[in-house]
Structure formats: C-alpha cells, structure tokens
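The values are calculated or read from the model by the stated rules, or taken from the named source; none is laboratory data. Note that the structure is predicted; figures quoted are calculated from it, not measured. Cβ placement follows ideal geometry from the backbone for every residue including glycine, while neighbour counts extend to all protein chains displayed. The accessibility values were calculated without ligands, DNA or RNA, using every heavy atom of the protein model including side chains. Shrake-Rupley method; radii C 1.70, N 1.55, O 1.52, S 1.80 Å.
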Amino acid sequence: MSMWRKSSYSPVDNCVEVGRGVGIRDSKAPATHLPVSDKAWSAFLTGVKSTR
C-alpha cells in the first residue's frame, strides 16, 4: 500500500495526489491511478522547477 500525498497548494476537494513508486491519482477518484516511472516523475519535477 502506498502513502498518497497531495500538495499543500491544492484545494481540499480538488487535487492530484502522488504515491511514491505508484503514480498519480485524482482525489475525487482514488480507486484508479496513473502509473508513473521514477524517470518520468523526475523529468516532470525538473520541468516544473524550470518554469518558476
């Protein structure tokens, strides 16, 4: 079982959650998730940080 985390910037009822080693999911539909590899997640974070 993964521990899901959400951004502190997300509204209470409308957010995306991240599960380490699992992927991402919509908090409104927690039964399903989108698998994301470590490499893809790192590339995503790098892209987000470069747009700041």
Size of electric dipole in the chain: Cβ of Lys, Arg +1 and of Asp, Glu -1, about Cα centre, debye, nearest 20: 160
- line: Honestly the range 4-51 on the Cα gyration tensor test (a ≥ b ≥ c root eigenvalues; a/c under 1.5 rounded, otherwise a/b vs b/c for prolate or oblate) is just oblate
message: Over the range 4-51, with the other protein chains present, what is the accessible area per residue in square angstrom, probe 1.4 angstrom?
response: 82
- line: Whole-percent carbon and sulfur contribution to the accessible surface of the chain (1.4 Å, no ligands, DNA or RNA) stands at 59
field: Length gained when the stretch LYS28-TRP41 is fully extended (0.36 nm per residue, less Cα-Cα span)
entry: 2.5 nm
message: Could you work out the relative contact order of the chain? I mean the mean sequence separation of Cα pairs under 8 Å and 6+ apart, divided by the number of residues, in percent.
response: 23
